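Colleague: Here it is, the structure in full.
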Amino acid sequence: MKAWQLSDTKGIDSYALNDVEEPEPGAGEVRIKIKNSGLNHLDIWVAMGLPAPKHLPHTGGADAAGVVDAVGEGVAGFEIGDEIIVDPSMSCGVCDYCRKDDIVYCDSFGILGEHHPGTFTEKLLVPTINAVRKPKDLPWEVAGSFGLASVTALRMLEKARLKTGETVLVVGVGGGVSAAAMSLSLALGARVYVTSRSQEKIDWAVQRGATAGFDSSAEFGKEMRSLGGADLVVDNVGPATLRQSMSGAKPGGRIAICGSTSGAKMELTIPYLFFRQLELIGSSMGNHAQFARALNWIRLGKAESPVGKIFDFTDLPDALRYLDSSEQMGKVALTHPE
Ligand SMILES: [Zn+2]
């Protein structure tokens, strides 16, 4: 079978379509014949060695959906032919954190495609805890692409205690997690404003339920405050926008952060934080229950995870370049060979 693997980390062109041996499921594992996978910026960062894969060659990809085609020893409740969504969060399963489903704090926490062989392959082994039933009516390309972005967004909104009726400002709505944060905030009953450098993306967000949008590169904090301010600001952009995000929050407001695409460091005016009694809330990935809740919002049609463009499995580098161009609106998915 074929898999897209990195044998070095020089960027997107380091992915090569290799012949690999079909894996046999071990105890407690199922093998999934993948129908669709989804792309994330993570797949580009890993290709650049940020972080470098532990083992080379490394198969990329975090998100996928497909059909069980082999079942390992001791597996109960799964049969060949079952339709499955892959939950990308891996952990040891036995530590105190894992027992409480606080898997994101497990010492061995990792993500498919980053710390473990990923989904850009024809067949993938996963422990049964990572095999989630696909709702029959959910389109395959959505099932195979919503996971990582939606579970990350949902955990962030839950950590930030978002309540019905609150106002959320989503900064840089074109990003995968930010778009998911918008749609899940709407599902949770919030009023949502967005920012983007692209008017097209603001229009896209407004068509999907956002109230209005502001230019990310202008003083959007001031504009948000003139409309009463945000109870919660979601900012995964970092140094380029975080000052505006803090100024757009209401007094006592929260700023949730699960990424920092514009850089890792910035200066903070600390009195601005405490005099305005703001909260900065960090979040990363999500647990299995949050994955199930994110799926449920999408299954119910309360949240959406639109797929903007679908590429053929053999065109992964083109699909990654398209994602890297930031032109995409919605998820980018791959259709795997039959
Ligand atoms: Zn653990």
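The values are calculated or read from the model by the stated rules, or taken from the named source; none is laboratory data. From a predicted model like this one, the values you see are computed outputs, not experimental measurements. Positions of Cβ are generated from backbone atoms using ideal geometry, with glycine treated the same way; all protein chains shown enter the neighbour counts.
Colleague: When you go through Val177, Val173 one by one, which is the residue that is away from the ligand (no atom under 16 Å from the Cβ), β-branched (Val, Ile, Thr), assigned by TED's automatic domain parsing to the domain that holds Thr211 and in a helix (DSSP H, G or I)?
Modeller: Val177
Colleague: Only one residue in Val192, Val206, Val237 is in contact (Cβ under 8 Å) with a residue 60 or more places away in the chain and either under 20 Å from the mean Cα position of the chain (by Cα) or surrounded by fewer than 18 Cβ atoms within 10 Å (Cβ to Cβ) (or both), so which one is that?
Modeller: Going through Val192, Val206, Val237 in turn, the sole match is Val237.
Colleague: Would a scan of region 95-109 turn up a residue that is of a type in the set (Gly, Ala, Ser), more than 9 Å from the ligand (Cβ to nearest atom), in the same structural domain as Val71 (by TED's automatic domain parsing) and at pLDDT 95 or above?
Modeller: Checked region 95-109: no residue is of a type in the set (Gly, Ala, Ser), more than 9 Å from the ligand (Cβ to nearest atom), in the same structural domain as Val71 (by TED's automatic domain parsing) and at pLDDT 95 or above.
Colleague: Okay, moving on. Given the criterion part of a loop (DSSP other than H, G, I, E, B) and surrounded by 23 or more Cβ atoms within 10 Å (Cβ to Cβ), identify the matching residue among Ser150, Ser145, Ser108.
Modeller: Ser145
Colleague: Now a separate question. Looking at the structure I just gave you, is Lys250 modelled with pLDDT of 95 or more, farther than 25 Å from Ile34 by Cβ and surrounded by 18 or more Cβ atoms within 10 Å (Cβ to Cβ)?
Modeller: yes
Colleague: When you look at Pro135, is it assigned to a loop (DSSP other than H, G, I, E, B), at pLDDT below 95, more than 16 Å from the ligand (Cβ to nearest atom) and of a type outside the set (Val, Ile, Thr), yes or no?
Modeller: Taking the combined requirement at face value, the residue does not satisfy it.
Colleague: From the residues in region 51-73 that are small (Gly, Ala, Ser) and more than 14 Å from Gly26 (Cα to Cα), which one is nearest to the chain's Cα centre (by Cα)?
Modeller: Ala62
Colleague: Please count how many residues of region 12-45 are without any contact (Cβ under 8 Å) to a residue 40 or more places away in the chain and surrounded by 16 or more Cβ atoms within 10 Å (Cβ to Cβ).
Modeller: Total satisfying the criteria: 1.
Colleague: While we're here: Being farther than 30 Å from Gly330 by Cα, modelled with pLDDT of 95 or more and surrounded by 13 or more Cβ atoms within 10 Å (Cβ to Cβ) is the requirement here; does Val86 meet it?
Modeller: Taking the combined requirement at face value, the residue does not satisfy it.
Colleague: So, Pro271, is that one assigned to a helix (DSSP H, G or I) and surrounded by 15 or more Cβ atoms within 10 Å (Cβ to Cβ) or not?
Modeller: Answer is no for this residue.
Colleague: Residues to consider are Gly66, Gly60; find the one that is small (Gly, Ala, Ser), in contact with a Phe, Trp or Tyr (Cβ under 6 Å, 6 or more places away or on another chain) and away from the ligand (no atom under 16 Å from the Cβ).
Modeller: The match here is Gly60.
Colleague: Separate question: Check whether at least one residue in region 77-91 is away from the ligand (no atom under 16 Å from the Cβ), touching a Ser or Thr at 6+ places or on another chain (Cβ under 8 Å) and of a type in the set (Ser, Thr, Tyr), and report yes or no.
Modeller: No, region 77-91 contains no residue that is away from the ligand (no atom under 16 Å from the Cβ), touching a Ser or Thr at 6+ places or on another chain (Cβ under 8 Å) and of a type in the set (Ser, Thr, Tyr).
Colleague: Here's a follow-up. Looking only at strands (runs of 3 or more DSSP E) that fall completely inside region 1-47, which ones have 3 or more residues that are under 19 Å from the mean Cα position of the chain (by Cα)?
Modeller: So the answer is 29-38.
Colleague: Checking the conditions here, which among Val67, Val94 is in a strand (DSSP E or B) and either without any contact (Cβ under 8 Å) to a residue 40 or more places away in the chain or among the basic types (Lys, Arg) (or both)?
Modeller: When all the criteria are applied, what remains is Val67.
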